[in-house]
Each structure stands twice: as C-alpha cells, then as structure tokens.
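Just below is one structure, and these are the notes that go with it.
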Amino acid sequence: MSENGQAQKAAAEPRDSTHAHLAGEVIGRHQHGYHQLLYVSAGVVAVQTGEASWVASSARAVWIPAGTWHQHRVHGHSSVHTLGFAAHDVLLRSEAPVVVVVDALVRELIIACSEPSLPQQEARRLRAVLRDRLRRALVEPLTLPTPNNPLLRQACALVTDDLRQPRTAAWLARRVGVSERTLARLFRTEFGMTYPQWRTNIRVFHAMVLLAEGASVSETGRQCGWATTSAFIDTFGRTMGQTPGTYRIGSGG
C-alpha cells in the first residue's frame with residue numbers, strides 16, 4: 001500500500017472491543033471506515049498520526065475520526081476499550097483526533113458498551129446515554145503536535161531529551177541559533193501555543209507514562225523537571241483534573 005507497507009486496510013463496519021496490551025506494544029499504522037472512541041481504563045496509550053499525538057488514559061478518551069491514519073503506542077500494562085460509530089454518525093465535529101474528558105459515568109458506560117457479550121438491546125440503551133454524555137463532554141486541546149520546521153524539531157528534541165533540566169526560552173533560542181522572538185513565533189505558528197504551554201504538555205505526557213509504568217509521584221516529578229513534588233502535583237492536577245497519585249492508582253501503576 002502507498003501509505004505504509006505495514007498499514008492495514010480500513011474496516012468499514014463499526015467494531016467494539018476490550019483487550020489488554022503489554023507495555024511497549026505498538027499497534028501499526030491503520031485506519032477505520034468508522035469513527036472510533038478509544039479509552040484506557042488502566043495504563044496509557046498514545047495515538048499518533050503524522051501531525052501529532054494524543055493521549056488516552058483513565059481520565060481521557062481519544063475520538064479518532066473515520067479515515068484517519070494512525071498508530072497506537074502502549075505505555076504500561078493497559079486495558080483498552082474501543083467503540084465504533086458509523087461514519088455518518090458525527091458526535092464530535094473534528095477532522096483530527098480530539099481528547100475527551102471522561103467522568104465516572106462516561107467511564108462505566110464505555111466499559112459496559114465494550115463488553116463483547118453485551119445483549120444488543122442493552123447495548124442500544126447504554127449507547128443512547130453515552131451519546132448524550134459525549135455530546136456534552138469537555139473536549140480538551142491536550143495535543144502533542146509534531147514539528148515540521150527543522151529548527152523547531154531541534155528545539156523540541158533538546159527539551160525532551162532531558163526533561164529534568166529547566167530549559168528556558170532564552171537558552172533554547174541560543175542553542176538553535178535564533179532569537180527568542182523567532183523561537184516564540186515558531187511555537188505559535190506551528191503549535192498554536194507558547195513554549196511554556198508546550199513544555200507543560202510534554203512534561204505532563206511523560207509524567208502520565210511514568211506513573212502508568214509504576215514510578216512514584218515524587219520520582220516522576222523529578223524525572224519530568226519539577227523542582228518540588230508539590231509543584232508537580234499542582235500542575236498535573238490543573239492539567240488532568242486529578243492528582244498524580246489518583247491517576248497512578250487508576251492507571252494500575
């Protein structure tokens with residue numbers, strides 16, 4: 001196939017499933033002929049396209065529009081739940097994947113609807129409630145965009161190679177040989193966010209991975225560059241809507 005030699009053809013009929021994956025597994029590049037809601041009741045799964053990455057976790061699901069080429073990378077032992085929706089059934093109007101906040105009710109509805117032996121009539125009733133909740137669910141811009149500009153790629157790599165170091169915009173600009181103003185413009189143009197906003201997102205993402213793999217809250221905070229555990233807890237809580245300790249328990253870490 002022209003897209004990728006390993007790519008899978010799109011399945012036309014919506015499918016629901018529940019399955020387990022081991023840490024480090026990669027589900028190769030593929031697409032669906034239907035929309036898919038991907039939720040992880042334990043662990044973390046990164047959904048990656050050529051343009052960006054989105055994170056599914058115990059508090060967040062990822063809506064993947066029909067026809068979107070993507071792959072999955074598993075972090076931590078993960079329990080994955082997927083629900084399929086017909087291509088004409090547009091619950092969330094977006095041409096790219098989006099992150100949906102999962103509250104307690106939506107969590108249980110997704111898990112129940114993905115049970116393989118669920119009777120058809122019961123499934124219809126549960127889905128009706130889930131559809132209503134998804135239409136009102138908070139959609140978050142928790143996206144990790146892939147840089148196209150070579151200078152921006154270099155800058156991002158310098159940060160992600162060692163998140164423990166508090167890389168300032170001034171330091172980063174000097175290392176890639178541009179002015180701070182130029183660097184700021186690159187982040188705004190390509191990512192639609194400031195450098196501090198991007199750095200917070202990338203640190204939180206890596207924190208989610210470490211917590212899912214069993215790291216302690218304090219160690220995770222250190223590895224991801226927070227000066228104190230309390231600062232990490234505060235930032236993670238404001239970004240994810242729950243403390244890292246609660247997230248760690250929910251992820252099976």
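The values are calculated or read from the model by the stated rules, or taken from the named source; none is laboratory data. Since the model is a prediction, treat every value here as computed from it, not as a measurement. Note that we place each Cβ from the backbone using ideal geometry, even for glycine, and neighbour counts take in every protein chain shown. These area figures cover heavy atoms from the full protein model, side chains too; ligands, DNA and RNA do not enter into them. Shrake-Rupley method; radii C 1.70, N 1.55, O 1.52, S 1.80 Å.
Structural remarks
- Any hit, segment 26-36, residues being open to solvent by less than 60 Å² (accessible area, probe 1.4 Å) and either modelled with pLDDT under 90 or under 25 Å from Thr239 (Cβ atoms) (or both): yes
- Pairs meeting the criteria (first residue in segment 22-42 and touching a residue at least 40 places away in the same chain (Cβ under 8 Å), second residue among the acidic types (Asp, Glu) and open to solvent by 40 Å² or more (accessible area, probe 1.4 Å), beta carbons under 8 Å, at least 6 apart or on different chains) are Ala23/Glu213; Arg29/Glu3; Gly33/Glu13; Tyr34/Glu13.
- Which numbered condition Ser179 misses (of (1) open to solvent by 30 Å² or more (accessible area, probe 1.4 Å); (2) within 21 Å of Thr143 (Cα to Cα); (3) in contact with a helix residue (DSSP H, G or I) (Cβ under 7 Å, 6 or more places away or on another chain)): (2)
- Residue within segment 193-203 that is part of a loop (DSSP other than H, G, I, E, B) and either at pLDDT below 95 or on the phi < 0 side of the Ramachandran plot (or both) present: yes
- Unique match (being touching a Ser or Thr at 6+ places or on another chain (Cβ under 9 Å), closer than 17 Å to Asn149 by Cα and aliphatic (A, V, I, L, M)) among Ala207, Ala184: Ala184
- Selection within segment 90-112 - over 24 Å from Gln71 (Cβ atoms) and assigned to a helix (DSSP H, G or I): Ala104, Leu105, Val106, Arg107, Glu108, Leu109, Ala112
- Segment 86-101, residues that are open to solvent by less than 20 Å² (accessible area, probe 1.4 Å) and over 15 Å from Arg133 (Cα atoms): Pro97
- So Ala137, is it within 30 Å of Val106 (Cα to Cα), of a type in the set (A, V, I, L, M) and open to solvent by less than 60 Å² (accessible area, probe 1.4 Å): yes
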